[in-house]
1. Amide H neighbours of S9 under 5 Å, at least 5 residues apart or on other chains, H built in the peptide plane: list them.
2. Between D23 and A73, what length in nm is gained on full extension when 0.36 nm per residue of separation is reduced by their alpha carbon distance?
3. Can you give me the accessible area per residue for the stretch 1-50, using a 1.4 Å probe, in Å²?
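The values are calculated or read from the model by the stated rules, or taken from the named source; none is laboratory data. Computed from a prediction, not measured in an experiment: that's the story for all the values here. Surface accessibility is based on the protein's heavy atoms, side chains included, excluding ligands, DNA and RNA. Shrake-Rupley method; radii C 1.70, N 1.55, O 1.52, S 1.80 Å.
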Amino acid sequence: MIPAARDGSVRLGGLVLRDHWFDAPLSHAAPAGERIRLYAREVVSASDPDRELPWLLFLQGGPGGKATRPPGASG
C-alpha cells in the first residue's frame with residue numbers, strides 16, 4: 001500500500017494523486033430526489049503539485065469496458 005500524505009494525496013511514478021468525492025442528484029429534474037456519489041481523481045506532476053492548472057475531464061472505459069489507472073506520467 002502506498003502511504004498518503006497529510007492532505008490525502010499519494011505520490012506515484014512522478015505524479016501526485018488526489019481523490020475527490022461529490023454528491024449529485026441522480027436526476028437534475030429532481031434535485032431533492034435520489035442522490036449518487038461521484039468519484040474523481042486529480043493527477044498532477046510531482047515536480048509542481050500546487051500549480052494552478054485548468055481542469056481536464058478524461059473518461060476512460062465504458063459500459064463493460066476496462067478503466068485502468070495510469071501507473072506513471074506516460075502519455
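1. Amide H to amide H, under 5 Å and 5 or more residues apart or across chains, S9 pairs with nothing.
2. Details: separation 50, 0.36 × 50 = 18.00 nm, distance 2.90 nm.
Full extension from D23 to A73 adds 15.1 nm.
3. Details: 3830 Å² over 50 residues.
I get 77 Å² per residue for this part.
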